[in-house]
Amino acid sequence: QADDLASTTLLATDKPVMIAPAMNVRMWLHDATQTNLATLRTRGITLVGPNDGDMACGEYGPGRMAEADEIVDAVIGWFGVSAPLAGRRALVTSGPTHEPIDPVRYIANRSSGRQGHAIATALARRGAATTLISGPTHLDDPAGVTVVHIETAREMLAACETALPADVAVCAAAVADWRAGTIADQKLKKDAGSVPTLTMAENPDILATLSAAGNSRPGLVVGFAAETENLVEHARAKLARKGCDWILANDVSPASGTFGGGDNTIHLVTAKAVEDWPRMSKTDVAERLADRIADHFGSPA
Ligand code: CTP
């Protein structure tokens with residue numbers, strides 16, 4: 001019978017099926033149920049629970065639904081994913097910032113947000129409670145991640161500070177270094193013969209601020225260095241200047257096709273060493289970084 005949404009869906013799918021049945025102990029132990037169960041087992045359906053225990057009806061025995069955590073663990077286990085970052089909190093910045101000039105114009109950059117979003121996804125998949133602070137992008141919010149949408153660098157910094165404490169912060173956003181010194185309340189009007197001059201003010205450096213956050217400093221602070229030349233040398237200088245723990249130096253020279261593209265060539269620079277990663281997709285960079293972060297923390301919190 002497939003006369004409800006669940007059984008109709010199960011009949012229509014060719015994907016693996018896992019069931020977490022729950023019912024009264026006599027119903028569960030009944031021949032009819034056990035024979036049907038044997039049929040399901042021969043069809044490769046995986047069972048989670050039921051457990052022995054108290055039932056809503058007041059009886060006791062097998063038939064109590066598996067706990068939610070057991071079901072989640074069974075699903076995670078099925079996919080072969082472990083959760084080494086369970087109990088850790090992660091903060092990720094992503095995307096560009098938009099710095100307004102007047103109500104209709106802004107300064108932006110070409111960051112797509114793909115790398116930062118992929119990192120947030122990878123950390124969340126490893127069990128970290130992840131907050132993604134994102135500038136304007138065309139990407140969907142990653143599943144299982146708390147997403148805070150901001151526009152300017154100053155909003156991004158404020159959102160990061162609100163999201164603390166964190167065990168790890170990864171600053172992948174392409175934060176605008178400067179904003180307009182004054183933001184016009186009204187749209188700047190074209191005035192024949194005169195061209196406006198834009199004066200700029202310096203934006204806060206989010207990576208440097210998080211790295212110097214005293215007691216609230218995340219245990220591991222990771223930044224990116226977008227460089228067009230002398231990659232590792234500039235990354236080392238940036239590591240020291242910003243006070244972070246790791247820098248992922250990536251080549252953003254026009255020839256590399258990194259900005260807006262799908263791939264990244266990364267060199268992981270720490271105070272002690274430089275690791276050259278082969279050219280790989282931004283998703284693979286995110287997976288590898290998340291594995292490195294999990295290794296850094298060792299056993300789950
Ligand atoms: N970053 C930040 N806040 C800023 C500027 C940069 O958090 N206002 C972070 C980026 O997210 C990145 C790292 O700092 O992790 C380096 O960014 P990058 O643009 O390479 O460095 P800049 O500090 O802008 O230095 P430069 O432009 O001189 O290379």
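Observations on the model:
- Taking Cα atoms only, the orientation of helix 31-42 departs from the longest principal axis of the chain by about 50 degrees.
- Here each label is just a point 7 Å from Cα along the line to Cβ, and for THR13 and SER253 those points are 4.9 nm apart.
- Selected from PRO84, PRO165, PRO16 as most flexible by GNM, with the chain as the system and alpha-carbon contacts under 10 Å: PRO16
- Between helix 153-163 and the chain: long-axis angle, C-alpha atoms, 0 to 90°, nearest 10: 40 degrees
- Of the chymotrypsin sites (Phe, Trp or Tyr not before Pro) found in segment 35-85, those in coil by DSSP whose Cβ has at most 11 other Cβ atoms within 10 Å are PHE79.
- Descending by average beta-carbon neighbour count within 10 Å, the peptides 42-52, 188-198 line up as 42-52, 188-198, the highest first.
- Seen from MET200, the other residues with C-beta closer than 13 Å to its C-beta sum to a net charge of -2, counting Lys and Arg as +1 and Asp and Glu as -1.
- Positive-end residue, the chain charge dipole about Cα centroid, Cβ charges, pick of THR46, ILE119, THR228: THR228
- Each of ALA176, ALA213, ASN203 was placed along the dipole of segment 133-290 (beta-carbon charges, centred on the mean Cα), and the one lying farthest toward the positive end is ASN203.
- By the beta-carbon count within 10 Å of each Cβ, the least crowded to most crowded order of VAL72, VAL147, fewest first, is VAL72, VAL147.
- Net charge of Cβ neighbours under 13 Å - reference ALA176; Lys, Arg +1; Asp, Glu -1: -3
- Cα-based helix-to-principal-axis angle, 114-125 vs the chain, degrees rounded to 10: 30 degrees
- Highest-MSF residue in the chain out of ALA122, ALA255, ALA166 [GNM, Cα springs under 10 Å]: ALA255
- Gaussian network model of the chain, springs between alpha carbon atoms under 10 Å - residue of THR146, THR162, THR131 with greatest fluctuation: THR162
- Antiparallel %, DSSP beta bridges [both residues in the chain], to 5: 45 percent
- This model, with +1 at the C-beta of Lys and Arg and -1 at the C-beta of Asp and Glu, gives segment 62-214 a dipole about its Cα centre of some 320 debye.
- Average Cα contact separation per residue, segment 118-158, under 8 Å, 6 or more apart, as relative contact order %: 38 percent
- Computed about the Cα centre, the dipole magnitude for the chain is approximately 560 debye when only Lys and Arg (+1) and Asp and Glu (-1) carry charge, each at its Cβ.
- The relative contact order of segment 92-207 comes to 33 percent, based on Cα pairs under 8 Å that sit 6 or more residues apart.
- Sequence-separation-based contact order of the chain, relative, with Cα cut under 8 Å and 6+ spacing, percent: 15 percent
- Charge-dipole axis of the chain as Lys and Arg at +1 and Asp and Glu at -1 on Cβ define it, positive-most pick from ALA12, PHE79, LEU91: LEU91
- Listed from fewest to most Cβ neighbours within 10 Å, the set SER216, SER299, SER211 follows the order SER299, SER216, SER211.
- Computed log₁₀ I(q)/I(0) - Debye formula, equal Cα scatterers, no solvent, segment 178-269, q 0.10, 0.17, 0.19 Å⁻¹: -0.44, -0.85, -0.92
- Neighbour counting of Cβ atoms within 10 Å sorts the residues ARG26, ARG154, fewest neighbours leading, into ARG26, ARG154.
- Around THR265: net Lys/Arg minus Asp/Glu count, Cβ-Cβ under 13 Å: -3
- Counting only the Cα atoms, the chain fills a convex hull of 223 Å³ per residue.
Values in this text are rule-based calculations from the coordinates and carry no lab data. Just so you know, these numbers come straight off a predicted model, no measurement behind them. Quick reminder, even Gly has a Cβ in these numbers, built from the backbone with ideal geometry, and neighbours come from all protein chains shown.
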